[in-house]
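Below: one structure, written as structure tokens.
The values are calculated or read from the model by the stated rules, or taken from the named source; none is laboratory data. The structure presented is a predicted model; accordingly, all values stated were derived computationally and were not measured. Don't worry about glycine lacking a Cβ; one is built from the backbone with ideal geometry, like all the others, and counts go over all protein chains shown.
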């Protein structure tokens, strides 16, 4: 993905290593290049953003996965809701506080 800042890479449906699991988010943005991860998967300290594409998995993405990613301090978590064609972007640390809500916008807002 050429629009990422220098020193960052992106991959789709690749494993990441967390404390107790190795989920495969739909998209992960991580520090370094793919070559940096030939012997291990990116971990929480390497990750800047996780994106999940949700249809039937929406409830799990909004609850279980959010809690997992927030617990390991993934800075940003985005859900693309295919049903409503909206994006929900969350600062995972802020979302754990009361009275906060994700930012939602139409998915088409990001298209040229």
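Filter region 45-60 for residues that are under 20 Å from residue 10 (Cα atoms) and not in a strand (DSSP E or B) and give the result.
Residues satisfying the conditions are 45, 46.
Per-residue answers, yes or no, for (1) modelled with pLDDT of 85 or more; (2) in a strand (DSSP E or B); (3) buried (at least 16 other Cβ atoms within 10 Å of the Cβ):
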site	(1), (2), (3)
62	yes, no, yes
65	yes, no, yes
70	yes, no, yes
90	no, yes, yes
101	no, no, no
105	no, yes, no
108	no, no, no
Test set (1) assigned to a loop (DSSP other than H, G, I, E, B); (2) free of Cβ contacts under 8 Å to residues at least 12 places away in the same chain - residue 22 fails condition number: (2)
